[in-house]
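For reference, the structure is listed below as structure tokens.
Throughout, read-outs are computed from the coordinates displayed, never taken from laboratory work. Remember, it's a predicted structure, so these values are computed and weren't measured experimentally. Every residue, glycine as well, gets a Cβ built from its backbone with ideal geometry; the counts of neighbours run over all protein chains shown.
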Amino acid sequence: MTETASLSSLFISSFLAATLLPGGSEAVLFAVVKSYPDTLWMALTLATVGNTLGGMASFGMGWLLPQTQQLKHVEKLRRYGTPALLLAWMPLIGDALCLTAGWLRLNPWQAALFMAIGKFARYWIITLL
């Protein structure tokens, strides 16, 4: 696989891993950085952007859900607001946070910022290990 194909695969796997679809992008990030160490910053950027966009897709799905009934644990997220999306990288919990944040109609720009910070931190730690 070429460097460009590896980086493209990383972006796609990062996007899909952040949606409600099962999957993980950590192994792909590890493989790309190990195979092409000079792409570290590009790989971190693409993984973060892809994963954040995937999280925002879940956020958008939540925005489209009718607010007819109370979702579980909504009050906690309402209390903490968009900074809670620093935890959007967490398995299972992150998907629910993104979906609920959209359902609450939280500020999408702030949501994307906090998601990106948390997701970048996770990927950075993975590359350090």
How would you rank 31-39, 74-82, 50-58, highest first, on the average number of other Cβ atoms within 10 Å across their residues? 50-58, 31-39, 74-82
Net lengthening on full extension, GLU26/LEU65 (0.36 nm per residue, minus Cα-Cα): 11.1 nm
Please provide three numbers in whole Å: the alpha-carbon extents of the chain along the principal axes, with the largest listed first. 49, 22, 22
Helix-only [θ] at 222 nm, the chain, -39500 (n - 2.57) per DSSP H run of 4+, per residue, nearest 500, equals -22500 deg cm²/dmol
I want the local charge near ALA88. Using Cβ-Cβ distances under 10 Å, sum +1 for each Lys or Arg and -1 for each Asp or Glu among the other residues. +1
Förster-model FRET efficiency, 25 Å R0, VAL49 and LEU92, C-beta, rounded to 0.05: 0.65
Backbone HN-Hα couplings from phi across the stretch 120-129 [Karplus 6.51/-1.76/1.60, Hz, Gly and Pro as x]: 4, 4, 4, 5, 4, 4, 4, 6, 5, 6
So what is the relative contact order of the chain, in percent, for Cα pairs below 8 Å that sit 6 or more residues apart? 28
